[in-house]
Amino acid sequence: MDETITPEATSRLRRADSAPTRNGLDEPLTAESFARLTGDIIASVSRVIDGKPHAVRSALIALLAEGHLLIEDVPGVGKTMLARAIAATIDADVRRIQFTPDLLPGDITGVSVFNPVQRQFEFTPGAVFAHIVIADEINRSSPKTQSSLLEAMEERQVTVDGRTHVLPSPFLVVATQNPFEMEGTYALPEAQRDRFLLRISMGYPDAAAEALMLRQRDAVNPLDGLTPVASAREVTAMIAWARGVHVAPALEEYVVALAQATRSHPDIRLGASPRATLQLVRAAKVRAALDARSYVIPDDITELLSPVFAHRLIPNRSAAGGRAGAAVVVEALERIAASVRVPLASRP
């Protein structure tokens, strides 16, 4: 584990949540001001994450949709750097937890420690008490330790010794795992994967971006040059505004039809859960807001279908035919997207 949260750090989190607004957020947000502010965040993070606009947008969608992000990729492609860059850009606290087989649930959630002076137990917050939590190589810890994140990710609180402790807002878990080195790992169970809004892959940078990285980062840490362009309070306001983005009834029925199609598809053994349906709509709302729209269009849904649904689905073994299960799921989702009728939703 990276570090233990001290009472001073907890106080700093509270101050960040109540920080005064900037950038005109004393006035109500509009679609244009929302897109302008998120554009500033994306531009700032992109200074560190070269040539990966999709990954940056996905992380921001997860944050503003009150979801969590699972990044599955090889080491060294910038998974942890992405989370730290977002934290630096929104003036948020970030904690990194290195998941190992000997990591205990209390290391994440916190423990009650006996105070001999007060003669009572006092709660010491764990590393989950931060705005952004990096769960590095989450599949290397035991299922018991992995499950300690379930309550935090879904209810944004932790319960220790019968007492509930609320986590700071905004709150984002960015978990990483290496899909190739699977020896000694514990695959995330379905219930844990279902808590993640999106699963993405960073991928290798192109040749130009990698050459630029060699020139710029030899002696300078790019994170040192980032300055906050938004406060935690401003992000909370953007989350609230994105919830109000309009979704036409026809599009709601479209999302339900897509989810139901996964539950009856012959190549899929476990289809999308109702939570997946809800999170697809939430993510589509944020995607619309990033494009300065106060309403969702079908493209918002179809673009996010695979990142939101794929990691939740389990293929039939008979359908794999020697192929990787992920490939079967992606192909099934592509066929579902092509077969389900797309509604023509009018602008509200």
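The values are calculated or read from the model by the stated rules, or taken from the named source; none is laboratory data. Values in this document were obtained by computation on a predicted structure and should not be read as measured data. Cβ atoms come from the backbone with ideal geometry, glycine included; neighbour counts cover every protein chain shown. These accessible areas exclude ligands, DNA and RNA; they are computed on the full protein's heavy atoms, side chains included. Shrake-Rupley method; radii C 1.70, N 1.55, O 1.52, S 1.80 Å.
Among all residues of the range 88-104, there is none that is in a helix (DSSP H, G or I), touching a strand residue (DSSP E or B) at 6+ places or on another chain (Cβ under 9 Å), in contact (Cβ under 8 Å) with a residue 24 or more places away in the chain and open to solvent by less than 20 Å² (accessible area, probe 1.4 Å). From the list Arg263, Arg269, Arg275, Arg282, the lone residue that is among the charged types (D, E, K, R), open to solvent by 10 Å² or more (accessible area, probe 1.4 Å) and not in a helix (DSSP H, G or I) is Arg269.
Only residues that are of a type outside the set (A, V, I, L, M, F, W, C), open to solvent by 60 Å² or more (accessible area, probe 1.4 Å) and in a loop (DSSP other than H, G, I, E, B) were counted across the range 205-221, and they come to 4. Would you mind stating whether Met202 is assigned to a loop (DSSP other than H, G, I, E, B) and out of contact with any Phe, Trp or Tyr (no Cβ under 7 Å at 6 or more places or on another chain)? So Met202 passes the test.
Quick check: is even one residue across the range 278-293 in contact with a Gly (Cβ under 6 Å, 6 or more places away or on another chain) and of a type in the set (D, E, K, R)? The answer is no; no qualifying residue exists.
For the range 69-95, a tally of residues being charged (D, E, K, R) and closer than 19 Å to Arg195 by Cβ returns 3.
In the range 286-312, the qualifying residues are those that are touching a residue at least 60 places away in the same chain (Cβ under 8 Å) and outside any helix (DSSP H, G or I), and the one that is farthest from His54 (Cα to Cα) is Ser294. If you go through the range 58-77 and pick out every residue that is farther than 20 Å from Ser169 by Cα and out of contact with any Pro (no Cβ under 8 Å at 6 or more places or on another chain), you end up with 3. Pairs are defined by a Cβ separation below 7 Å, a sequence spacing of at least 6 or placement on different chains, a first member in the range 67-78 that is surrounded by fewer than 23 Cβ atoms within 10 Å (Cβ to Cβ), and a second member that is of a type in the set (S, T, N, Q); the pairs so defined are Gly67/Gln279; Glu72/Gln177; Glu72/Ser201; Asp73/Ser201; Val74/Asn178; Pro75/Asn178.
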